[in-house]
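Each remark here refers to the structure printed beneath this line.
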Amino acid sequence: MLKIGDFSKLSRVSIRMLRHYDEIDLLKPVKIDKFTGYRYYSEEQLPVMARILSLKNMGFKLTVIKEILKCYDNKEEMERYLRIRYAELMAVSEETAQRLRILETAIERLRKDDTMNYDVVLKTLPERQVATVRQVIPCYEEEGRLWHILFKETSHLNLILQDPCFMSAILHDKEYKETDVDVEVQAAVKGSYPDTEHVVFKIEPEVTVASITFTGAYEQFRDVYSSLATWVDANGYEYCGSMFDIYHVSPHETKNPEEYVTEVCCPVQKVKRI
């Protein structure tokens with residue numbers, strides 16, 4: 001057996017932390033001298049401590065590690081725990097990458113003294129036939145699942161896309177929502193096709209929009225919306241329909257957010273003077 005000090009040195013874990021692990025029943029000494037209170041550990045507990053440290057380095061909380069140790073020899077259960085943690089860390093990584101992009105953009109603006117002015121264009125989009133999927137999804141960031149449905153269910157139809165092809169997403173909610181958002185994705189097509197389980201083919205009417213086309217990551221949306229709102233008010237227009245985005249270059253074509261080309265469109269009409 002090993003005294004707590006020796007076990008601390010061999011495991012590279014402080015005595016204070018070993019006592020804490022004992023208190024929470026994560027790793028208890030094999031013996032406590034009832035006269036001196038000294039804690040003793042066995043050499044066989046060193047690999048267990050190594051497992052605990054490895055799981056801590058993966059970011060598991062101690063309460064979860066206790067549960068994992070109970071099934072450490074069950075490969076299927078271990079893989080389930082590890083895959084869950086992997087997915088959690090990937091989500092954190094993506095969020096961190098997004099925040100870094102926002103910081104980089106802010107730094108570049110400061111260096112250039114860039115106020116991010118956008119050119120607003122008033123134009124009319126022609127009537128067009130579209131393949132469309134509309135659903136309520138958990139959040140705006142999960143719009144991709146609608147595109148997946150659209151292309152999966154129409155893969156056997158050999159769709160002929162219009163040129164230029166409008167790949168767009170319409171935001172139907174009357175306000176910004178954090179959850180359960182009503183989104184419709186559309187692809188402009190030529191020809192006649194039957195509806196599928198979730199895909200509906202329809203004619204989208206002609207619409208006049210105030211639009212801004214910008215290059216770069218989607219974090220610019222708020223600045224774009226602000227510029228559009230200022231232009232609409234200054235030029236005597238009012239909103240008359242759901243906003244939508246046209247993806248000229250999307251994550252489907254490039255993995256680099258700085259290469260995205262997006263057109264934000266607001267249906268508008270002249271304010272009627274009384």
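The values are calculated or read from the model by the stated rules, or taken from the named source; none is laboratory data. Note that this is a predicted model, so its numbers are computed, not measured. Glycine gets a Cβ as well: all are built from the backbone with ideal geometry, and neighbour counts include every protein chain shown. Protein only, heavy atoms only, side chains kept; ligands, DNA and RNA dropped before computing areas. Shrake-Rupley method; radii C 1.70, N 1.55, O 1.52, S 1.80 Å.
Cα atoms only, region 229-274: Rg and Dmax in Å?
For region 229-274, the Cα-based Rg and Dmax read 15.0, 50 Å.
For the chain, just the Cα atoms, rotate onto the principal axes and tell me the three extents in Å, largest first.
Largest to smallest, the principal-axis extents are 95, 51, 35 Å.
Under the √(5λ) rule applied to the eigenvalues of the Cα gyration tensor, what semi-axes describe the equivalent ellipsoid of region 126-256? Give them in Å, descending.
Over the Cα atoms of region 126-256, the ellipsoid semi-axes are 26, 17, 15 Å.
Given an 8 Å cut-off on Cα distances and at least 6 residues of separation, report the relative contact order of the chain as a percent.
16
Set the Förster radius R0 to 51 Å, insert the Cβ-Cβ distance between Asp25 and Lys255 as r into 1/(1 + (r/R0)^6), and round the FRET efficiency to 0.05.
The formula returns an efficiency of 0.65 here.
Cα-Cα pairs above 24 Å in region 19-175: how many percent?
For region 19-175, the fraction of Cα-Cα distances above 24 Å is 68 percent.
Just to confirm, what accessible area per residue do you get for the chain at 1.4 Å probe, in whole Å²?
65
Identify the residues of region 121-151 with backbone N under 11 Å of a label point that sits 7 angstrom from the Cα of Gln98 along the Cα-to-Cβ direction, or state none.
139-143
Go ahead and run the numbers for FRET between Leu157 and Glu108, Cβ-Cβ distance against an R0 of 35 Å, rounding to 0.05.
Taking R0 as 35 Å, the efficiency between Leu157 and Glu108 is 0.20.
Each label point is 7 Å from the Cα along the Cα-to-Cβ direction; what then is the distance between the points at Leu46 and Thr179, in nm?
5.0
Can you give me the convex hull volume of the Cα atoms of region 85-181, divided per residue and expressed in Å³?
Value for region 85-181: 196 Å³ per residue.
Keeping the other protein chains in place, figure out the carbon and sulfur percent of the accessible area of the chain, with a 1.4 Å probe.
Answer for the chain: carbon and sulfur cover 52 percent of the accessible area.
Mind listing the Cα extents of region 9-107 along all three principal axes, in Å, largest one first?
For region 9-107, the Cα spread along each principal axis is 65, 35, 21 Å.
Listed here are the pairs Lys9/Lys56; Lys31/Lys66; Lys174/Lys270; Lys28/Lys66; Lys152/Lys174; which of them are more than 22 Å apart at the Cα?
Lys152/Lys174
Separation between the Glu238 and Lys9 pseudo-spin-labels, each 7 Å from Cα along Cα→Cβ, expressed in nm?
Once both label points are built, they end up 8.3 nm from each other.
Restricting attention to the alpha-carbon atoms of region 188-274, what are Rg (one decimal) and Dmax (integer), both in Å?
16.1, 50
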